[in-house]
There are 2 protein chains.
Amino acid sequence: MARKTSVSELTDHLGYWLRLVSNNVSTAFARRLEAEEVTVAEWFFLRALFDVDELAPSKLATVMGMTRGAISKLSDRLLAKRLIERSDNLDDGRAHTLRLSGKGRALVPKLARLADANDESFFGVLSSEEQAALRRALEKIAKRHGLNHTPVD
Amino acid sequence: MARKTSVSELTDHLGYWLRLVSNNVSTAFARRLEAEEVTVAEWFFLRALFDVDELAPSKLATVMGMTRGAISKLSDRLLAKRLIERSDNLDDGRAHTLRLSGKGRALVPKLARLADANDESFFGVLSSEEQAALRRALEKIAKRHGLNHTPVD
DNA sequence: TCACGTAAGTTTACATGGAAACTATATCGC
DNA sequence: GCGATATAGTTTCCATGTAAACTTACGTGA
């Protein structure tokens, strides 16, 4: 992790390498998504809605690990692009419900293929065993730290 | 990496896990650095200067993988905090030289210990062998994609 | 039933970083 | 030497996210 001696170097930290690779993977993915005029955050948002049919913004905030404010703005953008629909909740005057529009639902599989291709382009340099080990390590850390990829309850 | 069937899930992508863990590691580190009123980007900046004595902003941009504009603004902030010094280059009227101030140099070891502790808190849940494997995998990807942690030439 | 505390969303104020335009200075080719 | 081009840094504009204030609506307890 870090040298024992004096002042550790940037590259001594696994966090450094994680950040370096992660930022590059995300940036490269963002470039691919540009073709569909969608951002990485929007992809997460749309994919999260894909298998639940409808979801409250606050739940989405939890799932995505973002603030409600950020979800509010993301929703505005996706609404403007007609990729989602937002409706008032009849039971609760405060609550809203978000769902994919037909256009949004149709787009998700295409975005998923872009995600597949991006993942492959980076992690394809690793053997299957290395990929599995990487996944295990990351999941282990996520689990031990209670990181949210929180299932929609 | 991704399921063969229909629409891949978020968690199918290693990029998803990488981003999840990386963002959490960085955020946690940022919290620790708050005690010293320094950001993660500023830590990188200061640590990069630590062993070279002086460096041009444009070099730093390359090393840090940021734009010159970002470095310019980072420099302004670090100057305001008196952690670095900036001087005009005598040979070249366009060029500047950045170096740590005494205060900045004194701070780096403290920040390094915070980085060590943060890394330990996340990656300590992995065995030495797992940590080594993670490092190898990340370095392999970085190398194959020419990601910059570019040594100062 | 109504006052108070809580919850859902939105909005505002900030912070930060990229892209591209802009300024000043070098350097190259002739 | 000088015009064209490139380079160093800065600045402006924009996008995006957090934190916290704010608005509205619930729910609960006496």
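Overview of results
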item: Label point distance in nm, residue A:37-residue B:35, each placed 7 Å from Cα along Cα→Cβ; result: 4.9 nm
item: Share of carbon and sulfur in the accessible heavy-atom surface of the protein assembly as shown [1.4 Å probe, %]; result: 50 percent
item: Probe 1.4 Å, protein heavy atoms only - accessible area per residue of segment B:12-144 in square angstrom; result: 49 Å²
item: Chains A and B together, accessible area buried on both sides, 1.4 angstrom probe, square angstrom; result: 5600 Å²
item: With Cα atoms, 0 to 90° folded angle of helix A:128-144 axis to chain A main axis; result: 70 degrees
item: Label 7 Å beyond Cα on the Cβ vector: residue B:54 copy-to-copy distances, nm; result: 6.7
item: At 1.306 mPa s and 10 °C, Stokes D of segment A:3-70 from Kirkwood alpha-carbon radius, µm² per second; result: 108 µm²/s
item: Sites residue B:58 and residue A:94 - FRET efficiency at Förster radius 45 Å, r taken between beta-carbons, to 0.05; result: 0.30
item: Calculated label separations, residue A:86, copies of the chain, 7 Å along the beta-carbon direction, nm; result: 4.0
item: Teacher prompt: residue A:113 distances to equivalent labels in other copies, 7 Å Cα→Cβ, nm; result: 5.5
item: Nearest residue to the symmetry axis between B and A, taken on chain B by its Cβ, in whole Å; result: B:22, 2
item: Alpha carbon Rg of segment B:1-118, scaled by the compact-globule rule 2.2 N^0.38 Å; result: 1.35
item: Computed magnitude of the charge dipole of segment B:1-152 (debye, nearest 20; Cβ of K, R +1, Cβ of D, E -1); result: 260 debye
item: Dipole moment magnitude, nearest 20 debye, segment A:45-99 about Cα centre, only Lys, Arg, Asp, Glu C-beta charged; result: 360 debye
item: Spread of Cα-to-Cα distances over 10 Å intervals beginning at zero, given as percent, for the protein assembly as shown; result: 5, 24, 29, 24, 13, 4, 0, 0
item: Two-site label geometry, residue B:129 and residue A:51: point separation in nm, points 7 Å out along Cα→Cβ; result: 3.2 nm
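The values are calculated or read from the model by the stated rules, or taken from the named source; none is laboratory data. Model, not experiment: these values are computed from the prediction. Note that each Cβ is placed from the backbone with ideal geometry, even for glycine, and that neighbours are counted across all protein chains shown. Please note that ligands, DNA and RNA were not included when accessible areas were found on the heavy atoms of the full protein model with its side chains. Shrake-Rupley method; radii C 1.70, N 1.55, O 1.52, S 1.80 Å.
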